[in-house]
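Single-structure report; data block below.
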Amino acid sequence: MNPIFSPYLSRLARNGLIDDGQALLGLADAEVEWSAPDHPDRSALSPLFDSLPINALIFARPAEPYRTIMDYLAKTSVGPITPNDCETRTFLHDLPVAESLTAEALIPLLKQRKCAIVENHGIVACGTVSLEQPLVTISSACFACFVKFFSDFLAARTSGNPSREQQAVFETIAARLPDPVKAKPYSLAQGPFLSDADARAAICEAGAQVVNLGLVDSFFGNISYLANSILHISQTGAFLDDLADTIDPVPLNGSSCAGITASSELSAHLAILRQTGRRAILHGHPKFSVIMSMQCDRPDCPDQGNCHRCCPHERFVCDVPVVSGEVGTGPHGLCRTVPPAFSGHSGVIVYGHGVFTIGDADFNDALDNLIDIERRCRLGITKILKYHIRNNDNVI
């Protein structure tokens, strides 16, 4: 196997997206090269390179619990799967379902979307430039399907109307979920960090821990630290567990254009710093926090469907404020909605998106708070399910 494929296969497995050997990668140069030329599905996928403007492809059979969730959603969806989380709205729009693992079924869908799901087979994702693109797409799709299944199941349980199949899938998933993280495995470097090098090293260490603890799927989320009037922030699209060369120094006085490649949420980080006076910011996408943020007790709200952009109601989940908002600096930008919510709170959840936490001198408090919010949200889901599933303790 060409060594070019190894880092991508390793990352897919390391992030819990596939089991070893459960992916086929293709990359076009002078000709198409495959990670496993003898793979039984290569012949079905090869025509995609001739019919689509792509240079990279990944076909993956997701690891559990994503496999069971994805198969269930593909089987029960009428048309494409339509999650409502931020990653889907921003990057995927929806997840089309192919009738079969054939070029004829896949090509029309992949002309419109970055990936397609095939029931009982897996997911096919494409990229126009590199293998990193379909890798990120698969990560987003797994996250989105997880959030959608639990959101749908909570709604069905609350109304007392889950199907037998939906209940069975939940029980299968619940039995396979890892135990909730209760504390970070060790203390991070202690600040304040007075040199750029120390600040960047602290960012790298914290980013790796956020990924290792499953609080973000390495490609999404961002992290920053203010040292010497310079905000050091992860670049847009950077792997949070591999940040050594992807941290931008952004002077607060605007004297540099370094921020052009910085996280798309740079404006939110700057506004949070000004609002709170803290130095360290973590932003992750922990699944259960996102799921809980999307639960609403106002089924007849006239603003339903616009919750992610502009919710007029004050909301809290497990005593943590939940705000709406969009990436960027528009009238509903996160730079406007998140900072005020930090008043009196150690963290803020963004509807369907993720969690922001802050630290004063270093990332220890920020990571502790991120872990605690996710743990409390998972316990919150457990309490909801126990209330609506009487005499059944098979909860998460």
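The values are calculated or read from the model by the stated rules, or taken from the named source; none is laboratory data. If you're wondering where the values come from, they're calculated on a predicted model, not measured in any experiment. Note that we place each Cβ from the backbone using ideal geometry, even for glycine, and neighbour counts take in every protein chain shown.
Is segment 228-240 home to any residue that is in contact with a Gly (Cβ under 6 Å, 6 or more places away or on another chain), within 23 Å of residue 365 (Cα to Cα), in the same structural domain as residue 367 (by TED's automatic domain parsing) and free of Cβ contacts under 8 Å to residues at least 40 places away in the same chain? Checked against the condition, which is being in contact with a Gly (Cβ under 6 Å, 6 or more places away or on another chain), within 23 Å of residue 365 (Cα to Cα), in the same structural domain as residue 367 (by TED's automatic domain parsing) and free of Cβ contacts under 8 Å to residues at least 40 places away in the same chain, segment 228-240 yields at least one hit. Among the residues making up segment 276-302, those that are among the aliphatic types (A, V, I, L, M) and either within 19 Å of residue 204 (Cα to Cα) or touching a strand residue (DSSP E or B) at 6+ places or on another chain (Cβ under 7 Å) (or both) are 280, 281, 282, 290, 292.
Note on segment 146-186: residues that are surrounded by 11 or more Cβ atoms within 10 Å (Cβ to Cβ) and within 30 Å of residue 278 (Cβ to Cβ) amount to 5. Here residue 139 meets the list (1) part of a loop (DSSP other than H, G, I, E, B); (2) crowded, with 20+ Cβ neighbours inside 10 Å almost entirely, failing just condition (1). Assessment of segment 358-376 against the conditions (touching a helix residue (DSSP H, G or I) at 6+ places or on another chain (Cβ under 8 Å), among the small types (Gly, Ala, Ser) and within 25 Å of residue 149 (Cβ to Cβ)) yields no matching residue.
Could you grab me the full set of residues in segment 20-54 that are within 13 Å of residue 110 (Cα to Cα) and touching a residue at least 12 places away in the same chain (Cβ under 8 Å)? Hits for segment 20-54 are 45, 47, 48, 49, 51, 52, 53, 54. Restricting attention to segment 82-110, the residues that are in contact (Cβ under 8 Å) with a residue 12 or more places away in the chain and part of a helix (DSSP H, G or I) add up to 13. Taking segment 328-344 as the range and being among the small types (Gly, Ala, Ser) and surrounded by fewer than 18 Cβ atoms within 10 Å (Cβ to Cβ) as the test, the residues that pass are 328, 330, 333, 343, 344. Counting only helices (runs of 4 or more DSSP H) that fall entirely inside segment 32-81 and contain at least 1 residues that are among the basic types (Lys, Arg), the qualifying elements are 42-45, 66-76. Quick one: in segment 363-396, of everything that is outside any helix (DSSP H, G or I), under 15 Å from residue 178 (Cα atoms) and in contact with a Lys or Arg (Cβ under 8 Å, 6 or more places away or on another chain), which residue is modelled with the lowest pLDDT? Checked segment 363-396; the qualifying residue modelled with the lowest pLDDT is 395. Can you find, within segment 174-197, the residue that is farthest from the chain's Cα centre (by Cα) among those that are touching a residue at least 60 places away in the same chain (Cβ under 8 Å) and assigned to a helix (DSSP H, G or I)? Here the residue is 175.
Per the listing 325, 347, the residue uniquely under 20 Å from residue 380 (Cα atoms), surrounded by 15 or more Cβ atoms within 10 Å (Cβ to Cβ) and small (Gly, Ala, Ser) is 347.
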